[in-house]
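A short worksheet on the structure shown next.
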Amino acid sequence: MVEDHLYFITVADNLRHFPVVTLIAKLLSPFLNGIRRKHTGYTRDKVARRIGSSLARKDFMANLIGKVESNEMDLEELTAHASTLVNAGGETVATFLAAATFSLLRNDAVYQKLKAEIRGQFKTYAEITCVTAQTLPYLQAVMKIVNKSMDWESESSLHVMWSKPDLKVRFRQARGQ
């Protein structure tokens, strides 16, 4: 749903520069408004659930919720910020993971070396955390190579979005795990 919302916003932003398309867009307006309403409802529901949650987290939402509680920001503004931040973060992570997976699957030697490092360091899945993963030098190198090989800036002024096909990869539990 989030990806659909981002896609339609991007298409609308790019196509508004063409007058004939603007006319067609007006005909599609009820459909596009439905997508926007669905996304907004989803975001409001998630924000309400987070505010009602008893979990104390130190994340960007905790900061925003604090501003609502101190009346520096209203709930609608919090919802708008949450939607923007989640969309931005989610798309960046999805793009990175897709690029990393693609790169690893295309280069078996790198994949095998990374797999050996991870399996040599960790005996169980539960041992792998953000902190412990940062101690793996080859994993860090692979992540930096993937990051540097991507041209993050060149298309940013175009606001281009694309639909990503489902990733067709089979994962299996390692022997002895």
Regarding LYS26, is this residue in a helix (DSSP H, G or I), more than 19 Å from the chain's Cα centre (by Cα) and modelled with pLDDT under 75? yes
Conditions (1) surrounded by 12 or more Cβ atoms within 10 Å (Cβ to Cβ); (2) among the polar types (S, T, N, Q); (3) touching a helix residue (DSSP H, G or I) at 6+ places or on another chain (Cβ under 7 Å); (4) modelled with pLDDT under 80: number failed by SER163: (1)
Any chance ALA56 is farther than 30 Å from TYR138 by Cα, outside any helix (DSSP H, G or I) and at pLDDT below 85: yes
Say whether the condition of being at pLDDT 65 or above, of a type outside the set (Val, Ile, Thr) and either at positive phi or in a loop (DSSP other than H, G, I, E, B) (or both) is met by at least one residue in segment 115-132. yes
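The values are calculated or read from the model by the stated rules, or taken from the named source; none is laboratory data. Here the structure is a predicted model, which means the values were calculated and not measured. Every residue, glycine as well, gets a Cβ built from its backbone with ideal geometry; the counts of neighbours run over all protein chains shown.
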